[in-house]
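Below you'll find the structure, written out as structure tokens, and then a few comments.
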Amino acid sequence: MYIWGVRDDEWGDGLMENDDTMILEVDNIVSGYTDLDILHGISIGIESGEIVSIIGPNGSGKSTLMKTIFGLLRIRDGRIVFKGEDITGIMPERIVRKGMGYVPQEKEFFSSLTVLENLEMGAFISDCDISESLERVYRIFPVLAEKGRIRAGALSGGEQRMVGFGRALMLSPDLLLLDEPSAGLAPKMRDMVFGKIIEINRSGTSILIVEQNAKRSLAISDRGYVLEMGRNRFEGAGCELLENEDVLRLYLGG
Amino acid sequence: MQLIINGLVIGSIIAITAIGLSMIYKTLNFVNFAHGDFVAFAAYIAFFANKELGVHLAVAFLIAILATMLLGVSMEKVVWRPMRRKKASRTALIIISIGFALVLRNTLLFIWGGSTRCYDIPVRRGFDFFGATITHNQVLVIIVAFILMFLLHYLLSRTMIGKAMRALSDNIDLARISGINVDQVILWTWVIGLGLAASGGVLYGLVTAIRPSMGWYLLLPMFAAIILGGIGNPYGTIAGGMVIGLSQELSTAVLPTEYKFAVSFVVMAVMLLIKPEGLFGGAK
Ligand SMILES: Nc1ncnc2c1ncn2[C@@H]1O[C@H](COP(=O)(O)OP(=O)(O)OP(=O)(O)O)[C@@H](O)[C@H]1O
Ligand SMILES: [Mg+2]
């Protein structure tokens, strides 16, 4: 295939230093807020099609890592490579265009906008007709089709979470970042969320997930990373971490 | 009846000028104290075009709106955007806006002096309306204000850029995460907000004398309208503006006219004490 007259394997030349099954590579990242570093050299990797969990105690920098990947914080050192392209320091707008979606930990929907408007905002940068994207999101979350004209702020907690997911899925991202997707939900809604994550992943989207409910998220993950104080502490296959005694004792409550 | 008509006229002016102030406040999280002086600026530009250049008032109206938008856009590009990049504190932004308010007002004073001005339009007898008189100008103000409110409603609820403006004032971080070009939408918010303020200014000049301080004194009723309607809720602001306009005018039936502006202050203080989220709830 040719892009702008350049064969696309040449196009990627030099950027594809790593194995091309890697969709995201975070390499020794140092970042944080205005004058405070929170991440002191974090490295993680996600292979295409994987679900990867990040766990760690409160304040260990999990959300900060997600914001950093998405271009919301200044990166002081290290490198982020997405689909073979260096995306270190580029703006969220371009990251969205490259095929990444993000459901943040809090305020993951526009409360004064209707459900439909929330979804439209997810596709704001798209020049194409969005009806197909809407169809696709409605297939995953049928409730959203029924409640299109209702203000998101008036929905139940579970429905609001679906709005947040739906917005992030409008442009069919190749990688979806989920920051505590099951937090604050009733048990039944948590089951729904984990079910949907698996469904979204099966349809071809790689997923990076941060969860308090670590056992549950490791159980559906291919691999997991444990962070502590802005540094990597452990990593391994999901089931391996679930059986690791240190991890169990320290982070999974025994 | 006369007071109700006067109240509706001033209420619609307060409403359309306050919307911009409220949108900017909610989106950028600071109060633009220069907002009122943009209102006066527009009235003077319209006066200048109409009286000194001799163009029709309708054309002068458009010129004034464009000039105000242009000034607002330059401010955004030269001052507000760089300040955001530097993560300037809210206090710094407010102080800059107060400084700009003073500069703008004194520039008007310097160019056109402190005496009151009015447009070059014929004075016509008003209509009788249930025992009250309603002037042509008052009718014009109400009609134009309602057309503008309708256009705003269309913009905010039907167009993508309008929805994005609401999204930004709701949750700017999420807007950024959604890939929306936040700076561009902020620019639109200034354009629309100041366009409305400018229209309000030109209309205000139809029913009151044009003075450099006319906008500054409108700021308090605008705040009152915004707080009454719930910060960041444009429809609430419109309703709030009407309520403030009416209560200001009706108060003159029992209180000396000098106390008119105190009414906004009292309404605002009472609202803040008993229902700070506004009568109609904020945009949250
Ligand atoms: N906006 C901010 N400005 C400054 N410091 C912040 C900000 N947000 C978070 N921090 C600090 O960064 C550190 C890591 O926070 P972060 O939100 O990344 O933790 P987390 O692992 O997501 O925790 P939680 O499990 O509570 O969500 C904390 O010490 C926190 O106080
Ligand atoms: Mg967090």
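The values are calculated or read from the model by the stated rules, or taken from the named source; none is laboratory data. Since this is a predicted model, take the numbers as computed values, not measurements. Cβ: placed from backbone, ideal geometry, glycine included. Neighbour counts: every protein chain shown. Protein only, heavy atoms only, side chains kept; ligands, DNA and RNA dropped before computing areas. Shrake-Rupley method; radii C 1.70, N 1.55, O 1.52, S 1.80 Å.
Across all directions, the average projected area of the convex hull around the alpha carbons of chain A is 14.3 nm². If R0 is taken as 51 Å, the Cβ-Cβ distance between A:ASN58 and B:ALA269 corresponds to a FRET efficiency of 0.80.
In the complete set of protein chains, residue-level accessible area for A:CYS128 is approximately 100 Å², probe 1.4 angstrom.
The phi-based Karplus calculation (6.51 cos²θ - 1.76 cosθ + 1.60; θ = phi - 60°) puts the 3J(HN,Hα) values of segment B:171-181 at 7, 5, 5, 5, 4, 5, 4, 6, x, 5, 6 Hz, whole numbers, x for Gly and Pro.
Just want to confirm a number: the relative contact order over chain B, from Cα pairs under 8 angstrom separated by 6+ residues, in percent.
Numbers: 469 pairs, mean separation 104.8, N = 284.
37 percent.
Measuring only protein heavy atoms, the 1.4 Å probe finds B:THR116 accessible over about 80 Å².
Derived scalar couplings between HN and Hα for segment A:83-93 equal 6, x, 10, 6, 10, 4, x, 8, 6, x, 4 Hz in order, rounded to whole Hz, by the Karplus curve 6.51 cos²θ - 1.76 cosθ + 1.60 (θ = phi - 60°), x for Gly and Pro. Along the charge dipole of chain B, which of B:LEU220, B:MET75, B:GLN248 sits closest to the positive end, that is, farthest toward it, with unit charges on the beta carbon of Lys, Arg, Asp and Glu (+1, +1, -1, -1)? Farthest towards the positive pole: B:MET75.
One decimal place: the segment B:SER74-B:PHE127 gains 14.8 nm when fully extended, by the rule 0.36 nm per residue minus the C-alpha distance.
Only protein heavy atoms count here, probed at 1.4 Å, and on that basis chains B and A bury about 1900 Å² of accessible area in total. With a ≥ b ≥ c taken as the square roots of the eigenvalues of the C-alpha gyration tensor of segment B:59-153, please select rounded if a/c is under 1.5 and otherwise prolate if a/b is larger than b/c or oblate if it is not? Prolate, since a/c reaches 1.5 and a/b exceeds b/c. Which value at 222 nm does chain B reach when only helices count, each DSSP H run of 4 or more adding -39,500 (n - 2.57), with the total divided by all residues and rounded to the nearest 500 deg cm²/dmol? Helices in chain B give a 222 nm mean residue ellipticity of -23000 deg cm²/dmol. Here's the picture: a label point sits 7 Å out from the Cα of B:ILE4 along the beta-carbon direction, and within segment B:130-154 the residues with their amide nitrogen under 14 Å of it are B:130-134. For segment B:209-284, the ratio of Cα radius of gyration to the globular rule of thumb 2.2 N^0.38 Å stands at 1.10.
The three principal axes of the C-alpha atoms in the protein assembly as shown carry coordinate ranges of 87, 50, 43 Å, sorted with the longest axis first.
Remark on A:ILE23: its backbone amide H falls under 5 Å from those of A:ILE46, A:GLU47, A:SER48, a criterion applied only to residues 5 or more positions apart or on other chains, H modelled at 1.01 Å from N. The separation of segment B:74-129 from segment B:208-272, counted between C-alpha centres, amounts to 19 Å. For the set A:TYR102, B:TYR235, the ranking by accessible area, highest first and with no ligand, DNA or RNA atoms included, is B:TYR235, A:TYR102 under a 1.4 Å probe. Model label points for B:GLN184 and B:TYR217, set 7 angstrom from Cα along the Cα-to-Cβ axis, are 4.3 nm apart. Within the same chain, lysines fewer than 8 places from A:LYS147 are excluded, and of the rest, those with a Cα less than 25 Å from its Cα are A:LYS107, A:LYS188, A:LYS196, B:LYS163, B:LYS284. Overall shape of chain B was characterised from the C-alpha gyration tensor. The equivalent ellipsoid obtained from it has semi-axes of 29, 23, 18 Å, in decreasing order.
Residue ranking by accessible heavy-atom surface, 1.4 Å probe, largest first, among B:TRP190, B:TRP216 comes out as B:TRP216, B:TRP190.
Shape summary: segment B:1-144 maps onto an equivalent ellipsoid whose semi-axes, from the alpha-carbon gyration tensor, are 33, 19, 13 Å in decreasing order.
Provide the FRET efficiency to the nearest 0.05 for the B:THR252-B:ILE95 pair, computing r from the beta carbons and using R0 = 30 Å.
After rounding to 0.05, the efficiency reads 0.30.
Heavy-atom accessible surface of A:ARG151, to the nearest 10 Å², is about 100 Å², with a 1.4 Å probe and all protein chains retained.
Using θ = phi - 60° in the Karplus curve 6.51 cos²θ - 1.76 cosθ + 1.60, the 3J(HN,Hα) couplings for segment A:153-159 round to x, 8, 8, 6, x, x, 5 Hz; x is entered for Gly and Pro.
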